[in-house]
1. Could you say whether any residue in region 240-252 is in contact with an Asp or Glu (Cβ under 8 Å, 6 or more places away or on another chain), part of a helix (DSSP H, G or I), over 18 Å from residue 212 (Cα atoms) and assigned by TED's automatic domain parsing to the domain that holds residue 171?
2. Is one or more of the residues making up region 46-57 in a helix (DSSP H, G or I), closer than 17 Å to residue 113 by Cβ, at pLDDT 95 or above and under 16 Å from the mean Cα position of the chain (by Cα)?
3. Quickly run through region 150-174 and pick out the residues that are out of contact with any strand residue (DSSP E or B) (no Cβ under 7 Å at 6 or more places or on another chain) and among the aliphatic types (A, V, I, L, M).
4. Would you pick out the residues in region 133-188 that are at positive phi and touching a Ser or Thr at 6+ places or on another chain (Cβ under 6 Å)?
5. Where in region 81-143 are there strands (runs of 3 or more DSSP E), lying wholly inside it, with at least 3 residues that are touching a residue at least 40 places away in the same chain (Cβ under 8 Å)?
6. For the subset of region 1-41 comprising residues that are basic (Lys, Arg) and modelled with pLDDT under 95, which member is farthest from the chain's Cα centre (by Cα)?
7. Would you check if residue 9 is in contact with a Pro (Cβ under 9 Å, 6 or more places away or on another chain) and surrounded by fewer than 22 Cβ atoms within 10 Å (Cβ to Cβ)?
Amino acid sequence: MLMFRHAMEADGINPSDACILRHQDNRADPGRNPYQLFLRDRPAFDEYQAVQSFENRSRLKARYWASFVGTPGKGTLFCGLYASHYLGIGDKDLARPHQRNRIDKAGHYDRYELTLQDELRQYIGLMFIDWGEGWRSWIQRNSDKPIVELQRQFHEEQYPGHLAFVSPLSELASIPTTWIEALRSTKGIYLLTCPKTKEQYVGKASGEGGFWGRWQDYIATSHGGNILLKSRDPSDYQVTILETVGSMNEDQLDNLESRWKRKLQSREMGLNAN
């Protein structure tokens with residue numbers, strides 16, 4: 001099996017000189033997670049990488065950083081090999097590339113100089129590896145990662161279809177633009193499930209923003225205006241679509257929502273108050 005280590009060795013890079021990074025940040029603003037920055041704003045992605053917390057200093061000490069990003073479909077996409085040079089503790093306030101209204105305060109972060117290398121450049125945006133089970137361990141030294149796909153040209157993952165779509169609310173910011181447009185243009189009935197309480201909530205998306213617009217309400221407020229959700233601690237609800245509609249009026253959509261509430265007993269055993 002072809003490993004990422006083999007690709008490095010073929011280009012003259014000693015795997016022991018590199019740490020392997022997988023960037024995925026659920027704190028990011030919509031449209032600004034590492035995957036989207038890599039695709040649409042490479043300087044902002046590089047700036048995102050160059051600022052790191054003190055606690056990661058020893059783990060990031062390496063001649064090279066081999067950088068990857070997590071994709072919407074849980075894949076791991078290669079972004080480039082960087083020569084890394086530690087500059088020291090940052091001495092000025094910096095705006096965060098992934099959070100428009102947040103800054104990293106002077107004296108509270110490490111700063112790195114990262115230089116994209118010619119080695120492995122032919123694989124940027126085209127190579128996918130299997131990261132393994134250690135999702136939370138985003139800095140690793142093990143380059144024995146199987147190469148699972150090499151594309152001839154980059155293309156975003158295809159939308160799986162409305163009835164196959166499942167996502168935690170925190171990961172909606174990372175989905176491709178084409179997926180967002182599909183969700184924005186469709187109305188219907190959806191289901192929220194709470195990983196903390198194991199309860200569920202049936203809702204309807206009837207506004208101009210479709211499913212996407214309705215779910216943004218939950219991201220912004222943690223409850224979307226629902227009384228029972230307000231009474232619970234904020235949670236990363238999983239969202240999925242139960243049924244889509246075409247030209248139904250509001251009364252018909254209300255009836256459809258009620259039918260799903262009866263089917264799933266979300267009033268008796270869930271978070272629906274009416």
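1. no
2. yes
3. Of everything in region 150-174, those that are out of contact with any strand residue (DSSP E or B) (no Cβ under 7 Å at 6 or more places or on another chain) and among the aliphatic types (A, V, I, L, M) turn out to be 164, 172, 173.
4. Across region 133-188, the qualifying residue is only 188.
5. Filter on region 81-143 gives 99-104, 110-116, 127-129.
6. Among those residues, the one meeting the criterion is 40.
7. yes
Residue by residue, here is whether (1) assigned by TED's automatic domain parsing to the domain that holds residue 116; (2) of a type in the set (Val, Ile, Thr); (3) out of contact with any helix residue (DSSP H, G or I) (no Cβ under 6 Å at 6 or more places or on another chain) holds:
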residue	(1), (2), (3)
11	yes, no, yes
15	yes, no, no
18	yes, no, yes
22	yes, no, yes
31	yes, no, yes
47	yes, no, yes
51	yes, yes, yes
73	yes, no, yes
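The values are calculated or read from the model by the stated rules, or taken from the named source; none is laboratory data. None of the values given here were measured: they were computed from a predicted structure. Virtual Cβ from ideal backbone geometry, glycine too; neighbours counted across all protein chains shown.
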